[in-house]
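Engineer: Structure below; questions to follow.
The values are calculated or read from the model by the stated rules, or taken from the named source; none is laboratory data. Here the structure is a predicted model, which means the values were calculated and not measured. Cβ: placed from backbone, ideal geometry, glycine included. Neighbour counts: every protein chain shown. Heads up: the accessible areas ignore ligands, DNA and RNA and are worked out on the full protein's heavy atoms, side chains in. Shrake-Rupley method; radii C 1.70, N 1.55, O 1.52, S 1.80 Å.
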Amino acid sequence: MAYTFKNYTVRKSKIENSDYRGFVLKENGRLVTTRDGQRHILFLQYIDSGETDLEWGRLKVDASMEGEMVLSIQAFAVNRLDYRKENCIVNLEELILSRERSTEEKEIYFSGTDFWGSKKFFGCEDVLLYGIKGRYLWLCIELIGTGTASLNSINVDSPGDIMLDVFPEIYREKDSFLHRYLSVFSSVFMDLEYKIEGIHNEMDLETASADMLKMFGEWMGLNLSGSFLSEEKLRSLLIRLHSFNRMKGTKQTVLGLTEILLGEPALLVERNLLEHGDRRMYDDLYGSSPYDITLLINGRADEQKQSCLLFYLKQFIPVRSRVKIVFLNHCCNLDSYCYLDMNAAVYSGVPGAADEGQGLDENFIVYKGGLYES
């Protein structure tokens, strides 16, 4: 079957040139709603088909919504970006994409008073734009209600179906019942073709789905039964997993893995490198075996983080090694019942050394870890 079919996918660069309010644009091109109470609305930069009077077909918006959120879509098309209104030349690009104008001023152009064929949809992510003709397609997408949501992708097809033209001329009435009925099967067929054409994305760690990421982890020998990781952290781990497997059991692997799991670097202490000093103190702090390692993590103790770290670190450290995880609080606090009386003082630690020729007067206090000067 031969057919002419065009698909337009909205990329991050087009969203950057659009006017969006109440959203945050992520690196992967997703728009995520903010929590500041603003309207979550996107005035998308026009999609240029390059053809005059092009008949637009199917619009598919991939939106993830939590809470009481409703998707609203408005669309119209024109052959020129400027037109005459009340003896004035109106430039649609400057007006709709301007961040200085209010949303109410822009929504007027989607209401259908100036452009024939404009349409509005509520609560639908997959709609038909039949009846909208023009070279430039304008879209206004809004999320209404309370909750959190994101716009993951936007795709537009033209003409929207591939089956009507195989019928005799008498059945080819646009926007008829038969036309819309066949569009259902056309959409199923084209969705399958999109999946086939984009199958390579499922084999790329940067773009693979969450289910494929788990499969890749199992293929590379990673035990994921704990379900500790978010999709973002799992993706970051798998991207570096090959190098981690090649350097399994090394300091670089332990530190790299810890930084991915926690989102910040940690300090690693190896017991076998502590040769000089108080052996009993080192054994109490860092373990008695030369194979023991200690991770010093900045932050409050977190049982879930500790379980996650131990679960994955045990897959990369040597068999005889034992891991001790120490969470270092950011600071110590005095509550309302603590006070200093006239005989108390707060000491500041200073580095110092006492060799054979050094004397200490009454201003110095010797403690286990160094000197305090009073």
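Engineer: If each Cα of the stretch 134-224 is one equal point scatterer, what is log10 of I(q)/I(0) from the Debye formula at q = 0.16, 0.22, 0.23 Å⁻¹?
Structural biologist: Taken in order of the listed q values, log10 I(q)/I(0) reads -0.94, -1.13, -1.15.
Engineer: Let me ask something else. Taking θ as phi - 60°, what are the ³J(HN,Hα) couplings along the stretch 317-326 by the Karplus curve (6.51, -1.76, 1.60), each to the nearest whole Hz, with x for Gly and Pro?
Structural biologist: Per-residue couplings from phi come out as 8, x, 4, 7, 7, 10, 10, 10, 10, 10 Hz.
Engineer: How many Å² of accessible area per residue for the chain, probe 1.4 Å? Don't skip to the answer; put the middle values down first.
Structural biologist: Values: 23360 Å² over 374 residues.
Result: 62 Å² per residue.
Engineer: Taking a 1.4 Å probe, which of K233, K174, K119 shows the most accessible area, and what order do the others take after it?
Structural biologist: Reading off the accessible areas and sorting them downward yields K174, K233, K119.
Engineer: Seen from all sides and averaged, what is the projected area of the convex hull of the Cα atoms in the stretch 262-332, in nm²?
Structural biologist: Taking the Cα atoms of the stretch 262-332, their convex hull projects to 5.5 nm² on average.
Engineer: Sort the following peptides by mean Cβ neighbour count (other Cβ atoms within 10 Å, averaged over residues), highest first: 75-81, 302-308, 15-21.
Structural biologist: 75-81, 15-21, 302-308
Engineer: List, largest first, the extents of the alpha carbons of the chain along their principal axes, each in whole Å.
Structural biologist: Extents along the principal axes, in whole Å: 107, 53, 34.
Engineer: Can you pull the semi-axes for the stretch 235-292, root of five times each eigenvalue of the Cα gyration tensor, sorted largest first, whole Å?
Structural biologist: 29, 12, 7
Engineer: Separate question: Measure off, as a whole percent, the carbon and sulfur share of the 1.4 Å-probe accessible area of the chain, all protein chains present.
Structural biologist: Roughly 51 percent, rounded to a whole number.
Engineer: Additional query: Please list, or write none, the lysines whose alpha carbon is within less than 16 Å of the alpha carbon of K106, excluding same-chain residues fewer than 8 places away.
Structural biologist: Output for K106: K85, K119, K120.
Engineer: Could you pull the accessible area for D284 with a 1.4 Å probe, rounded to 10 Å²?
Structural biologist: 110
Engineer: Counting just the Cα atoms, what span does the stretch 29-92 cover along each of its three principal axes? Round to the nearest Å and put the largest first.
Structural biologist: Principal-axis extents of the stretch 29-92 (Cα, largest first): 44, 28, 20 Å.
Engineer: Please work out the C-alpha center-to-center distance from the stretch 202-218 to the stretch 32-68 and express it in whole Å.
Structural biologist: 27
Engineer: In debye, nearest 20: dipole of the chain around its Cα centre with unit charges on the Cβ of K, R (+) and D, E (-)?
Structural biologist: Around 740 debye, computed over the chain.
Engineer: Next up: Could you name the lysines in cross-link range of K6, using Cα to Cα under 17 Å and dropping any fewer than eight places away on the same chain?
Structural biologist: K60, K133, K195
Engineer: Further question on the same structure: Give me the lysines in straight-line cross-link reach of K314: C-alpha distance below 21 Å, same-chain residues under 8 apart excluded.
Structural biologist: Those lysines meeting the cut-off are K214, K233, K248, K251, K305, K324.
Engineer: Got a number for the accessible area of R240? Probe 1.4 Å, square angstrom, nearest 10.
Structural biologist: 100
Engineer: May I ask for the equivalent-ellipsoid semi-axes of the stretch 6-113, computed as the square root of five times each C-alpha gyration tensor eigenvalue and listed largest first in whole Å?
Structural biologist: Taking √(5λ) for each Cα gyration eigenvalue gives 25, 18, 13 Å.
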